[in-house]
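Input: a single structure, listed below in structure tokens.
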Amino acid sequence: MSAISSWSSSLGVHNVNNPESWVVTRTFSKIVQHASYNFRNTDFDISLMKMSSAVTYNSYIGPICFPALGETFTGNGTATG
């Protein structure tokens with residue numbers, strides 16, 4: 001993994017070529033890779049990323065919600081990264 005100081009996330013982005021006024025960018029203070037991650041085949045390709053400062057939710061930025069344990073998600077969803 002590259003140096004944590006080079007990683008950041010922009011939240012609330014709709015058009016990356018023309019960022020809106022509400023877009024905020026945060027760096028990360030900690031990144032934890034899955035213990036079983038395998039770079040050869042990308043098994044367990046997931047990490048937890050702690051932002052360096054809090055984010056205020058608004059009409060464009062909100063939490064990602066996962067289904068509760070035992071609940072089945074039947075809708076559509078998009079994740080980007």
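List of remarks:
- Label point distance in nm, Ser47-Cys65, each placed 7 Å from Cα along Cα→Cβ: 2.9 nm
- GNM remark for the chain: springs join alpha carbons under 10 Å apart, and the peak mean-square fluctuation among Ile61, Ile46, Ile31 falls on Ile46.
- Cα convex hull, the chain: 167 Å³ per residue, rounded to a whole number.
Rule-based calculations on the coordinates, nothing more; no lab input. Remember, it's a predicted structure, so these values are computed and weren't measured experimentally. We place every Cβ from the backbone using ideal geometry, glycine too, and count neighbours over all the protein chains shown.
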